[in-house]
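The values are calculated or read from the model by the stated rules, or taken from the named source; none is laboratory data. Remember, it's a predicted structure, so these values are computed and weren't measured experimentally. A quick note on method: Cβ atoms are made from the backbone with ideal geometry, for glycine too, and the neighbour counts reach across all protein chains shown. Side chains are part of the model used for accessible areas, which takes the heavy atoms of the whole protein and leaves out ligands, DNA and RNA. Shrake-Rupley method; radii C 1.70, N 1.55, O 1.52, S 1.80 Å.
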Amino acid sequence: MQRSSILFFLITSLVFVSCDTNRIFDTYVSVPDKWHKDSVISFEVTPPDSTNAYNLFVNLRNTNAYKYNNLFLIVEMEFPHGKTIKDTLEYKMADPTGKLLGTGLTGIKENKLWYKEQVVFKEQGNYTVNIQHAMRENGKVNGVVELEGITDIGFRIEKPKKE
């Protein structure tokens, strides 16, 4: 009986994971212990075409050790022919009571954060997306050197959902 329950769980999990038809690119990089302010997480992306629009996301996994209500990131996209776009982004990570946002039943929360929508990759070739944190504490000039509580940084490209 127990063996069939485990098999059922594995098959069900596989079905849910494989049903993500909007996913074009979805990769994570693990952060060891603490995310240093000078550590840049990079993703090399080869878009599937140069005509369709896509939505871009920064994905994060964090634990209860993350002690801030928000998160500031610097996200830079390098185009194949040398152009670069750099954005400073702020994301809400906790509600007013301090409860961390995101999905997950365990101590790890997963956050799917909007980066850009309806992006057309007009240049053929590889794009590079660089992500680093830009956290500061209130009243302090210098940034947070080692950010605790972030376990994985991801980047995702997906087809826009049909309405």
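A compact table of results
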quantity	calculated
Residues of the stretch 122-131 satisfying the condition of being open to solvent by 50 Å² or more (accessible area, probe 1.4 Å) and closer than 16 Å to Tyr28 by Cα	none
Of all residues making up the stretch 51-99, the number that are open to solvent by less than 50 Å² (accessible area, probe 1.4 Å) and not in a strand (DSSP E or B)	8
Checking Pro32 against (1) open to solvent by less than 50 Å² (accessible area, probe 1.4 Å); (2) part of a loop (DSSP other than H, G, I, E, B), the condition it does not meet	(1)
Tally, over the stretch 112-121, of residues that are surrounded by 19 or more Cβ atoms within 10 Å (Cβ to Cβ) and over 14 Å from Val75 (Cβ atoms)	1
Which listed residue, of Ile108, Ile74, is touching a Lys or Arg at 6+ places or on another chain (Cβ under 6 Å) and among the aliphatic types (A, V, I, L, M)	Ile108
Residue match in the stretch 138-160 (condition: within 20 Å of Val29 (Cβ to Cβ), in a strand (DSSP E or B), at pLDDT 95 or above and small (Gly, Ala, Ser))	yes
Unique match (being out of contact with any strand residue (DSSP E or B) (no Cβ under 6 Å at 6 or more places or on another chain) and either in a strand (DSSP E or B) or touching a residue at least 12 places away in the same chain (Cβ under 8 Å) (or both)) among Gln124, Gln118	Gln124
